[in-house]
1. I'd like the distance between the alpha-carbon centres of the stretch 96-129 and the stretch 166-192, rounded to an integer number of Å.
2. Just for the stretch 2-192, what percent of DSSP beta bridges are antiparallel, to the closest 5?
3. In terms of modelled amide H atoms, which long-range or inter-chain residues lie less than 5 Å from the amide H of Glu42?
4. From the phi angles alone, apply the Karplus equation (6.51, -1.76, 1.60; θ = phi - 60°) to the stretch 185-192 and give each ³J(HN,Hα) in whole Hz, x where the residue is Gly or Pro.
5. Quick one: what are the phi-derived ³J(HN,Hα) couplings along the stretch 59-68, Karplus 6.51/-1.76/1.60 with θ = phi - 60°, whole Hz, x for glycine and proline?
6. In the stretch 67-125, what is the volume of the convex hull around the alpha carbon atoms, normalised per residue and reported in Å³?
7. Give me the number: length gained by fully extending Arg180 to Thr129, i.e. 0.36 nm times residue separation minus the C-alpha to C-alpha distance, one decimal in nm.
8. Just the ratio, please: alpha-carbon radius of gyration of the chain over 2.2 N^0.38 Å, N its number of residues.
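Coordinate-derived values only; no laboratory data. Because the structure is a prediction, the values reported are computed rather than measured. Positions of Cβ are backbone-derived with ideal geometry, glycine not excepted, and every protein chain shown enters the neighbour counts.
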Amino acid sequence: MEELLEKIRKEALYEKLPIMDDDGLSFLADFIGDQGITSLLEVGTCIGYSAITLAARNPELVITTLEIDEQRHLRALENVRKAGLEGRIRCICCDSRSWHIDDRFSAILLDGPKAHNRQLLTRYQDNLTEEGWIIVDDVYFHGFLDNPGVIRTRRLRTLVRKFSEFQKELEADPLYECTRLNIGDGLLLAKRGKRT
């Protein structure tokens, strides 16, 4: 398994594909085990690196992972097959903004398009179990949130603004208790309270 994961990681880095930072992913794998998280909805499969890592480290974990890019999706399917995890990782090729599922998850990992996080949270928060977790990766967004002066394009400036506003809204939302961690490129952990 370690050889396969290293191969996937090297391919992703060489091709500049968006995968989770190793420190953040390692923390998240431990966190999932510590919190007893057994079902995860991941938005942003890429080629399956994070899903395979998390499932390999947590034998009770079942993952549904969404990817809009068909070529990345197909590579993720092949990587999951090579890892022997087809029974615990379900890869779906779809636009996560319009896909529908009735299942409940004890955690939702938002690691896809940052500009759509608010829309994705609104869409999927009813799929979160009582006292489940919303996990947001890349909260420092490559340093752009703390250093907006280095942004050179309008498109990136708009994306950074939307992502920053989403984080502030989530942290202010009384439904969630949030913790921001300076691990990897930053993680935001939001625990949902009991429904009233």
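1. 15 Å
2. 35 percent
3. Counting only residues 5 or more places away or on other chains, the set is Thr64, Thr65, Leu66, Leu109.
4. 9, x, 10, 10, 10, 10, 8, 7
5. Taking θ as phi minus 60°, the curve returns x, 8, 7, 10, 10, 10, 10, 10, 9, 7 Hz for the stretch 59-68.
6. On the way: hull volume 5.5 nm³, N = 59.
Normalising the Cα hull of the stretch 67-125 by residue number yields 93 Å³.
7. Working: separation 51, 0.36 × 51 = 18.36 nm, distance 2.12 nm.
Full-extension gain reported as 16.2 nm.
8. 0.98
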